[in-house]
1. For segment 71-178, what is the Kirkwood hydrodynamic radius in Å, using each pair of distinct C-alpha atoms?
2. Is there a quick way to get the dipole size of segment 31-181? I mean about its Cα centre, with the Cβ of Lys and Arg at +1 and of Asp and Glu at -1; what is the value in debye to the nearest 20?
3. Which of the peptides 136-147, 102-113 is most tightly packed, and how do the rest follow, judged by the mean count of other Cβ atoms within 10 Å per residue?
4. Where the centre of each part is set by its Cα atoms, how far does segment 60-110 sit from segment 113-182, in angstrom?
5. For the ranges 69-82, 160-173, what's the packing order if you count other beta-carbon atoms within 10 Å of each residue, average per peptide, and put the highest first?
6. Would you mind ranking LEU49, LEU85 so that the residue whose beta carbon has the fewest other beta carbons within 10 Å leads the list?
7. Give the long-range amide H neighbours of ASP78: residues separated by 5 or more places, or on another chain, with amide H under 5 Å away, using H modelled in the peptide plane at 1.01 Å from N.
Amino acid sequence: MRTLLRLTLVTLIAITSVTAGLLFNRDAAPRTAEAQDDASMGIACDSTLILLLLLAEHEYDYISGMDEMMMSEMPAFDYGQYTYLIQDTVAMMTAMMDEMSDEEMAAAEATNMMVEEMMGMDTAGILAGYDAAMGYEAMGEMTTLAPGNVAGEPAECTSLRASLEQFIVAHLVADAEMMMEQ
């Protein structure tokens, strides 16, 4: 009886391992030649930065919201293991923008105008403006956190990190201000 139980358990573990391997180790071959070019010819940054880029796209249309001139000025990045997820997210966000109602489009435009105004400031300026508007500047000085730059990374990665930080902070402040106005 114990032998049968052990054999069943070993078989179940083997089947689970094989199934998990098939599910999580999908074919690494690119879906298209274009995807191969995107993945192999860009500037490689750390995975956390590319994940932050994905988050900025998913939540705030960082890539899909760019006009053609901005896109042409953005260096090509190697998205590594996030390539397909970023491509699919950009496609999804673009499709969602095409299907927005007039009300949703107006709300998005209002937020985007606020963000554009803030993008002329650095992150510290955006936060100082928010703190002043909320009356927090009287609360005392806070620690200034160091940026998470990776030693020896390409300058384009450092620049992308600063841009993403500024972009996300501007959106979070704009969202907070829009909620207070309601």
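Read the figures in this text as sums done on the coordinates, not as results from a lab. Bear in mind that the values here come from a model prediction, so they are computed numbers and not experimental data. Ideal geometry is used to build each Cβ from the backbone, glycine not excepted, and the neighbour counts take in all protein chains shown.
1. After inverting the pairwise mean of 1/r, the radius is 16.6 Å.
2. Rounded to the nearest 20 debye, it is 600 debye.
3. The packing order, highest mean first, is 102-113, 136-147.
4. If we compute the Cα centre of each part, the gap is 20 Å.
5. Taking the mean over residues of other Cβ atoms within 10 Å, the ranking is 160-173, 69-82.
6. LEU85, LEU49
7. GLY42, ILE43, ALA44, CYS45
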